[in-house]
Amino acid sequence: MTPASGAPAGGWRRAVGLLRVSRFELKISAALVLAATLPLVGALFLAGRVAEENLALGLDPRVVARLATVPALYGDLFQARKRLYAEQARAVARGLPPDAARASRYLAAAVERVPHLRRAAWVRKDGAVAAEAEDPGPPAEGQWREAPARVELPGGDRLDCTFEIEARFFAELDEARELAELVQGVDALRAEIRRSYVRAFGALLVAMAVVAAGIGILLARRTTRRVSDLVGAVRRLAAGDLAVQVDPGRSTDEVAGLARAFNAMVREVRESRDRIVYLEKISGWQEVARRLAHEIKNPLTPMKLAFQQLDARWRSSAAKDVDPEFGRLLGEAGEIVRDEIGTLQRLVDEFSGFAKLPEVKPEPADLGEFVDDFLRTSPQVREGADVELVKASDRTPVALDRALMRRVLANLCANAVEAARPGRARIHLGVARARDRAVLTVGDEGPGIDRAQRERVFDPYFTTKQSGTGLGLAIVKKIVLQHGGEIQVGDRPGGGAVFSLALPLT
Amino acid sequence: MRRVRSRPRAPARLTAAAALAALALAAPPAAGSDAPGTLPLQLAARGGRVVATVDLATAFPASLEHELANGLTNVIAIYVAVIPAGGRQPAMLYGRVVEILFDVWDEKYQVTVKDPYVPQGVRLVLPTFAALRGFLSQERGLDLGPVSLLPGDGFFVEARVEVNPLSKEQLERTREFIANPAAGTRAQGGSRSMLGAMASFLLREPDAGADVTLLRSGPLGPREVPGR
């Protein structure tokens, strides 16, 4: 929300204005930041506790200790298997026949009979293989690793047995070792991990708090900046700037309502001031008109009587027949004098009428009905122009002085007729409601009023016509202002001028 | 000598970088710790470089077998430094990381030794804990640096042995686990959380391992470096 008028120009000033922080903004922003950051202290403490408790749950010392013993358990398993295989090899050796042929069949049967025995070989002292047998089939449990078992035989010979052991044991051992080492590492770093979680949590919270504070500051700034602008506008108003306005924006909150109310108040003050100024000016001109009328009117009658006497004397004089040329000259002069006196008399009448405008005595009325009455009781208007009346609203209750408002309407219609000369005028009358005003428009199809002259057309004695006194529109405006209304002139769509009278609705 | 606690750890990346070693050696002993133990050592000059052989047996007691034979990857970081008399900052130093995995099937120790000269590591298999202990205790041929860097006004040699220190690799694995816990358990479709990712990012390396043994030689001088 920035003052709509009179704002300092220049990009640097706008930039400085954006960076400027008012005390109000500072207080709200500080409150927001405080509100956003205070809970973080407790949150950080809780984060530390949560991390500690989670680590305690996940890193139970018994679990860590048991995990560390898993490889040893596999070691025990391997030892047991080795002892078993050694015992089985010894059992095979005990039944080994002394001759090689029978030994081969015996070993084949043993390979088939003894679980996990893949191969058995009777190796003589010199290294020669006396008999051997090997399981040709696939291993019992898929992947396997060899587990040798050797039995010394009498005479220096030996029985080499190869058993199978599940390779998955070794994979499981590797995985268990990896997991145990990882858990032990995590356990060793437990305190540091807790601190890192607190730090991470704190960093995230601070980041969120910064974002929240930033958003809060922006949001607060939208309000505080509007309030600051409003304060500035009030100061300018106090300094006499009645043109100041503030932009209420698109919000519907209280600040926007305050801005709209401020604008309306400033408009009303400005209009009141304009009205007072205009009326004071008109009063001055009315005094001038009164004096002029008085000063002009006083000599007119003696002048008129003197010439009438002169004319009467001439008509009864004998010289009339002697000098007919003088009689003709006197007649022409008398004609001129009477015309000019008549003109001066009309001028005096208009001045007097302007100077003696009565006070407005408003009465409740409907503007639309008033216009209907005016047209019905003013046949000269319809005789001089084609009149079109459009009433956009059924009810337009106002308070008006019928006599004076008739004068207003008559003056405007006369203006419209004058504007259309030498052609026949078309007058467009309209009655409508606009917010808290009843609006009467009087439009013509004349040449319109130049934009530069629109402000001056309501000044007394200002006229663009050869024969006008320039008082008609001044009288109109004074009467309208005395009704609490306002009048403007503008272009009529389609050509011509349009006068808009706005009167307060009652 | 002091032993605070024992804890198996994940395999370590090479952490024997000079700066890290310097920091580790410059780190003050933990509160309440005992005075450093005595470090038996031999120094020699070979090819213009100071080579040390240290006996770290006291840092590897027999009771350590239970820990080192647990089937998990254990890491031992060894830093040896020459510290000028009256000073704290090492004038020369050497660091190595030993990764030990006891193979529960073969019942042997698989050892990988990494140092600045062999960052990818040298692998060997030791059949028993006694062999492993002997290997760890007798650190031979430790290249401390050029002879010219030996403090002329006297010095002492300090060894720092950390059992299962927190390594950068372990820190990275933990960070990944925090950022994506489901992936750590090999579950399908693990998802990363913002809080976890931030916590992972903000996870700092803790202080140097608490399971530290410090050994220190007596005062030495340049004359005690044969071949110099």
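Brief remarks follow.
- Enumeration of residues in the range B:42-60 that are surrounded by fewer than 22 Cβ atoms within 10 Å (Cβ to Cβ) and in contact (Cβ under 8 Å) with a residue 60 or more places away in the chain: B:Ala44, B:Ala45, B:Arg46, B:Gly48, B:Arg49, B:Val51, B:Thr53, B:Asp55, B:Ala57, B:Thr58, B:Phe60
- Residue match in the range A:475-483 (condition: at pLDDT below 85 and in a loop (DSSP other than H, G, I, E, B)): no
- Inside the range A:52-80, residues that are out of contact with any Lys or Arg (no Cβ under 8 Å at 6 or more places or on another chain) and either polar (S, T, N, Q) or at the interface with chain B (Cβ under 8 Å from one of its Cβ atoms) (or both) make up a count of 8.
- The range B:129-155, residues that are over 23 Å from the mean Cα position of the chain (by Cα) and at positive phi: B:Gly154
- Failed condition for A:Asp157, given (1) over 40 Å from the mean Cα position of the chain (by Cα); (2) within 13 Å of chain B (Cβ to nearest Cβ): (2)
- Residue, farthest from the other protein chains (Cβ to nearest Cβ), within the range B:171-194, restricted to residues that are at pLDDT below 75 and not in a loop (DSSP other than H, G, I, E, B): B:Ala182
- Sole residue being assigned to a helix (DSSP H, G or I) and either touching a Gly at 6+ places or on another chain (Cβ under 6 Å) or within 14 Å of another protein chain (Cβ to nearest Cβ) (or both), chosen from A:Glu164, A:Glu146, A:Glu172: A:Glu172
- With respect to the conditions (1) surrounded by 20 or more Cβ atoms within 10 Å (Cβ to Cβ); (2) outside any loop (DSSP other than H, G, I, E, B), A:Arg433 falls short on a single one, namely (1).
- Just one residue in the set A:Gly216, A:Gly232, A:Gly202 is part of a helix (DSSP H, G or I), within 14 Å of chain B (Cβ to nearest Cβ) and surrounded by 14 or more Cβ atoms within 10 Å (Cβ to Cβ); that residue is A:Gly202.
Conditions (1) under 13 Å from A:Leu501 (Cβ atoms); (2) surrounded by 20 or more Cβ atoms within 10 Å (Cβ to Cβ); (3) more than 43 Å from the chain's Cα centre (by Cα), marked per residue:
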| residue | (1), (2), (3) |
| --- | --- |
| A:Thr377 | no, no, yes |
| A:Gly384 | no, no, yes |
| A:Ala403 | no, no, yes |
| A:Leu412 | yes, yes, yes |
| A:Pro422 | no, no, yes |
| A:Ile427 | no, yes, yes |
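- Qualifying residue in the range A:241-259 (condition: within 30 Å of B:Ile178 (Cβ to Cβ), free of Cβ contacts under 8 Å to residues at least 40 places away in the same chain and under 21 Å from the mean Cα position of the chain (by Cα)): no
- Of all residues in the range A:99-109, none satisfies being touching a helix residue (DSSP H, G or I) at 6+ places or on another chain (Cβ under 7 Å), surrounded by 14 or more Cβ atoms within 10 Å (Cβ to Cβ) and either among the small types (Gly, Ala, Ser) or not in a loop (DSSP other than H, G, I, E, B) (or both).
The values are calculated or read from the model by the stated rules, or taken from the named source; none is laboratory data. As the structure is a prediction and not an experimental result, all values here were calculated from the model. Note that each Cβ is placed from the backbone with ideal geometry, even for glycine, and that neighbours are counted across all protein chains shown.
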